[in-house]
Number of protein chains: 2
Amino acid sequence: MRHGYFDTERDEYVIDRVDTPASWTNYLGVNDYCAILNQTGGGYSFYRSAERGRVTRFRANGLPQDYPGHWLYLRDDDDGDYWSATWQPIGKPLDQARHRVRHGLSYSVFECRYADIEVSQRVLVPLGDPVELWDVTVTNRSERPRRLSLFGYVEFSFHSIQIDNQNLQMSLYAAGSSQAAGVIEYDFHYEPWTYHYFAGPPNLAGFDCRREAFVGDYRSEANPVAVERGACSGSAGTTGNHCGGLQHRVELASGESRRLVYLLGHGDRAAGITARAKYTPEGVDQAAAQLRAYWADKQSRLKVATPSWAMTALTNAWTLLQLETCVVWSRFASFVEVGGRTGLGYRDTAQDAMAAAHSHPDKVRQRLWELLRGQMSAGYGLHLFDPLLFQENRRPEAPAGVRLPTVLPESAADQLHGLQDACSDDHLWLVGAVVAYLKETGDLAFLDQVVPFADSDPEGDSGS
Amino acid sequence: MRHGYFDTERDEYVIDRVDTPASWTNYLGVNDYCAILNQTGGGYSFYRSAERGRVTRFRANGLPQDYPGHWLYLRDDDDGDYWSATWQPIGKPLDQARHRVRHGLSYSVFECRYADIEVSQRVLVPLGDPVELWDVTVTNRSERPRRLSLFGYVEFSFHSIQIDNQNLQMSLYAAGSSQAAGVIEYDFHYEPWTYHYFAGPPNLAGFDCRREAFVGDYRSEANPVAVERGACSGSAGTTGNHCGGLQHRVELASGESRRLVYLLGHGDRAAGITARAKYTPEGVDQAAAQLRAYWADKQSRLKVATPSWAMTALTNAWTLLQLETCVVWSRFASFVEVGGRTGLGYRDTAQDAMAAAHSHPDKVRQRLWELLRGQMSAGYGLHLFDPLLFQENRRPEAPAGVRLPTVLPESAADQLHGLQDACSDDHLWLVGAVVAYLKETGDLAFLDQVVPFADSDPEGDSGS
């Protein structure tokens, strides 16, 4: 069965039948903020670490699959019918709602036409800021004026996803949220220096910061009470689960369009206000152009032309995207690996580094240094380790002297499992990876570094 | 708002308005098997350990709340309408479906009347076997004959719930299921000596062992495709998620009743077949009578009569039930603490032990010994620890020489956190608890034991 096709002109994979048998995901963001979204808008985002820097929550292996997500609801305020810009969570029958998804290089566009309303939700993460932008355009294709409510919705997460299984009770007491100036700020008190925000366009019509209030008892994201009722309740406060739920009313004459920008970011309310001022529709277009240039530069490093259009398309765009995703975010953030084990796989990372030396030499150099640092003096590599292990302050945002929550690895001993977890070939991949990097970059000075073994005194130059 | 009342004659809490603002749970099982179910049939069960002996899966803090559960679907095979014996997961409007729940001492009864069909699902765990029994009676209260399909449904879990967040990808490859003789057997290959089963009455009309096949893509337990279609697909095999999905067809004349027994158990198919032969309707009644006698004996140890009916009822039944639940299962299995941290809380357990010395002296003696064993030579108690730590073979079912999966604590060092986690009053509670036990039982020989410190040589008699 055909669910989509490659658009080689625009370097997009276009899914025009969205009920795919498995999640079709895209990775957005190439620096500090990463959003992983599938073709139904399901997924999550994190800041730097999928395990400890979680921004939104995900219920891996749940039912319905791939919930929750970064979702925009639409409601016809004349007849009360409601749907979503992405197929899920409302899931209107696909013979009534036309959905199309375009997964591109660091952006995805979710398009829907239902009840003579067209909506497009373009999601991207700009190069310069840890924020996810939803560039929404809604158009009235009917012959009559329409009155709509739009509800942007995300579910905030505890920062460490381990908490979803552990110490949940106390952690539910330790989260809070508030709305001011149209920006919802989420604050998890175990790390009172970390905030996340969700903001939308001006003229807020209503909001909910509490998941329980937005969704309602014995309901799910598929029938949230705030959307069904057509009105948020203004909930906020401390304890429980928190969400960004923002309601805006839009009146559209026949044929009229409106463009609205939503922002989901790492930072406090002030950061949200600053980002909102920067990312006007024009600011979003500028960010999109910068992302295009970023990828065009990478694509220019290696271009092939082969008799097979598929081979050409894969090499020039899609394999590059996969490689860059792996070398930037490692392989432990996805729809099945959602942060519970995080950091670097020794072999995986060496393989990723080999293949991306031409497109991302700085990141490859960093990864090679981390792999060398993760080698034990006995010779083997730490099969799975977090490079933060080797930083003096493993939580750069934390003020000095703050006692770290116990969900963070407090001691290197936690991860120096010894031979038990080692695989005999882990460290061997280093050789090929370093050679590939040197041949591609000519950076022979790399060889002059002295990198301590994982089990060495951090002050010393070499292992014991 | 009133949601229910105490029935002091039958020692039951009766919930006649089931959309309670929070979960109303009951704990079934007093030996090795524990089921925790709420008033909508949501919840989970485990064998011995909520963390490592999980039988069914639970998605704590999920949406809709309290999913999944131990559920029985009913379908009218003439018009295709379907509902559930418990309010969830179908959630018919409460003005159309009458639901009532009776939480008793080690049993719960879920009653429903919808579309002139009455169904009662009594759930209990017998004293002698690690199996959960569903004693189902379905009655046709309409004037015409009815053709129904019944679908029993549970979702099997990885044995260690940590896997739900960790190494999920590989673990999905390592689970398998099959059906024979009407018994679904679930096998998680990380522990190939452990099985769980789900069995029903004779004359199986269909089955699904794969969750994906029973529920269907982009669906949930609220609209499983097998129930909607009225036919299971016979799925089974290795990899993915597994469920017990059993379909039986029942034809009832006007006024006719049928009684059916389902069994969810720890053990392989042969154990399921043995249990099914034992727990006929008469066997179930016998097990229920034994449970009544078990509780009557406990209740007889302390009976009060006070001018306040509430004080009397709480003391003679409900507080006793809470205490027994705490001292048997500790406090880390619930709807918010689902196993991610397990074992004994030092203070909690000392407090539980104090209060249950009259009703459960053997268990209290065991708990006190474990608390003493969890004391460090420096004086403090291990704030949260698993007594399995001190057993030579921490997985008694594992054949000798089997390498334990790394999700199990392999070394005592993992849990001997030292002073970091200690609370200054932990060990002080021991004094009061031991005194309470001695005063209640007169078991002065308890004082003659030599219990090693947690950090002592296990071969030695005392701490370092």
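Can you tell me which of (1) closer than 18 Å to A:PHE151 by Cβ; (2) not in a loop (DSSP other than H, G, I, E, B) is the one A:PHE6 doesn't meet? Of the numbered conditions (1) closer than 18 Å to A:PHE151 by Cβ; (2) not in a loop (DSSP other than H, G, I, E, B), the odd one out for A:PHE6 is (1).
Just checking, does region A:70-82 include any residue being basic (Lys, Arg), touching a residue at least 60 places away in the same chain (Cβ under 8 Å) and more than 24 Å from A:MET311 (Cα to Cα)? Yes, the conditions are met somewhere in region A:70-82.
Within region B:218-235, take every residue that is within 25 Å of the chain's Cα centre (by Cα) and open to solvent by 30 Å² or more (accessible area, probe 1.4 Å) and give me the one that is farthest from B:ARG57 (Cα to Cα). Taking the candidates together, the pick is B:ASN223.
Of all residues in region B:163-217, those satisfying the criterion of being farther than 30 Å from B:LYS278 by Cβ, over 22 Å from the mean Cα position of the chain (by Cα) and open to solvent by less than 50 Å² (accessible area, probe 1.4 Å) are B:ASN167, B:LEU168, B:SER171, B:LEU172, B:ALA174, B:ALA213, B:VAL215, B:GLY216. For region A:179-199, the criterion of being within 14 Å of chain B (Cβ to nearest Cβ), among the hydroxyl-bearing types (Ser, Thr, Tyr) and either farther than 24 Å from B:PRO21 by Cα or touching a residue at least 24 places away in the same chain (Cβ under 8 Å) (or both) is met by none of the residues. Taking region A:370-385 as the range and being crowded, with 21+ Cβ neighbours inside 10 Å and either touching a residue at least 60 places away in the same chain (Cβ under 8 Å) or at positive phi (or both) as the test, the residues that pass are A:LEU371, A:GLY374, A:GLN375, A:LEU382, A:PHE385. Within region A:85-96, the residues that satisfy the criterion of being away from chain B (no Cβ under 13 Å) and of a type outside the set (Asp, Glu) are A:ALA85, A:GLN96. Inspect region B:229-237 for any residue being farther than 30 Å from A:PRO93 by Cα and at pLDDT 95 or above and give the result as yes or no. Yes, there is a match, as at least one residue in region B:229-237 is farther than 30 Å from A:PRO93 by Cα and at pLDDT 95 or above.
No other residue among B:THR325, B:THR342 is open to solvent by 10 Å² or more (accessible area, probe 1.4 Å), modelled with pLDDT of 95 or more and under 18 Å from B:TYR33 (Cα atoms) apart from B:THR325. Can you spot a residue in region B:289-297 that is buried (at least 17 other Cβ atoms within 10 Å of the Cβ) and either in contact with a helix residue (DSSP H, G or I) (Cβ under 8 Å, 6 or more places away or on another chain) or aromatic (Phe, Trp, Tyr) (or both)? Within region B:289-297, one or more residues are buried (at least 17 other Cβ atoms within 10 Å of the Cβ) and either in contact with a helix residue (DSSP H, G or I) (Cβ under 8 Å, 6 or more places away or on another chain) or aromatic (Phe, Trp, Tyr) (or both).
Apart from one condition, B:SER45 fits all of (1) away from chain A (no Cβ under 14 Å); (2) surrounded by fewer than 23 Cβ atoms within 10 Å (Cβ to Cβ); (3) closer than 30 Å to A:PRO224 by Cα; the exception is (2).
Are any of the residues in region B:306-320 surrounded by fewer than 13 Cβ atoms within 10 Å (Cβ to Cβ) and modelled with pLDDT under 95? Yes, some residue in region B:306-320 is surrounded by fewer than 13 Cβ atoms within 10 Å (Cβ to Cβ) and modelled with pLDDT under 95.
Looking across region B:1-42, the residues that are more than 14 Å from chain A (Cβ to nearest Cβ) and of a type in the set (Gly, Ala, Ser) come down to B:GLY4, B:GLY29, B:ALA35. Only residues that are surrounded by fewer than 21 Cβ atoms within 10 Å (Cβ to Cβ) and either closer than 21 Å to B:GLY53 by Cα or free of Cβ contacts under 8 Å to residues at least 60 places away in the same chain (or both) were counted across region B:356-369, and they come to 3. Scanning region A:62-83 for residues that are within 13 Å of chain B (Cβ to nearest Cβ) and either crowded, with 23+ Cβ neighbours inside 10 Å or over 17 Å from A:GLN162 (Cα atoms) (or both) yields A:LEU63, A:PRO64, A:GLN65, A:ASP66, A:TYR67, A:PRO68, A:GLY69, A:TRP71.
Residues of region A:147-162 being closer than 28 Å to A:GLU228 by Cβ and either open to solvent by 10 Å² or more (accessible area, probe 1.4 Å) or within 8 Å of chain B (Cβ to nearest Cβ) (or both), which ones? Hit for region A:147-162 is A:ARG147, nothing else. For region B:238-262, a tally of residues being of a type in the set (Gly, Ala, Ser) and within 14 Å of chain A (Cβ to nearest Cβ) returns 2.
Yes or no, residue by residue, for (1) more than 20 Å from B:ALA454 (Cβ to Cβ); (2) modelled with pLDDT of 95 or more:
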| residue | (1), (2) |
| --- | --- |
| B:ARG331 | yes, no |
| B:PHE335 | yes, no |
| B:ALA357 | yes, yes |
| B:HIS360 | yes, yes |
| B:LYS363 | yes, yes |
| B:ARG367 | no, yes |
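Any chance region A:343-357 includes a residue that's within 14 Å of chain B (Cβ to nearest Cβ) and under 18 Å from the mean Cα position of the chain (by Cα)? Yes; the residues of region A:343-357 include at least one that is within 14 Å of chain B (Cβ to nearest Cβ) and under 18 Å from the mean Cα position of the chain (by Cα). The set of residues in region B:318-334 that are free of Cβ contacts under 8 Å to residues at least 24 places away in the same chain and assigned to a helix (DSSP H, G or I) comprises B:THR319, B:GLN322. Annotation note: Cβ proximity below 6 Å between a residue of region B:137-166 that is modelled with pLDDT under 90 and a residue that is of a type in the set (Phe, Trp, Tyr) and crowded, with 24+ Cβ neighbours inside 10 Å (sequence gap 6+ or interchain) occurs for no pair. Scanning region B:9-31 for residues being in contact (Cβ under 8 Å) with a residue 24 or more places away in the chain, buried (at least 16 other Cβ atoms within 10 Å of the Cβ) and part of a loop (DSSP other than H, G, I, E, B) gives a total of 7.
Note on region A:48-59: residues that are open to solvent by 20 Å² or more (accessible area, probe 1.4 Å) and either aliphatic (A, V, I, L, M) or touching a Leu at 6+ places or on another chain (Cβ under 7 Å) (or both) amount to 0.
The values are calculated or read from the model by the stated rules, or taken from the named source; none is laboratory data. All values reported here derive from a predicted model rather than from experimental measurement. Neighbour counts are summed over all protein chains in view; Cβ atoms, including those assigned to glycine, are modelled from backbone coordinates with ideal geometry. Quick note on the areas: whole protein, heavy atoms, side chains included, nothing else; ligands and nucleic acids left out. Shrake-Rupley method; radii C 1.70, N 1.55, O 1.52, S 1.80 Å.
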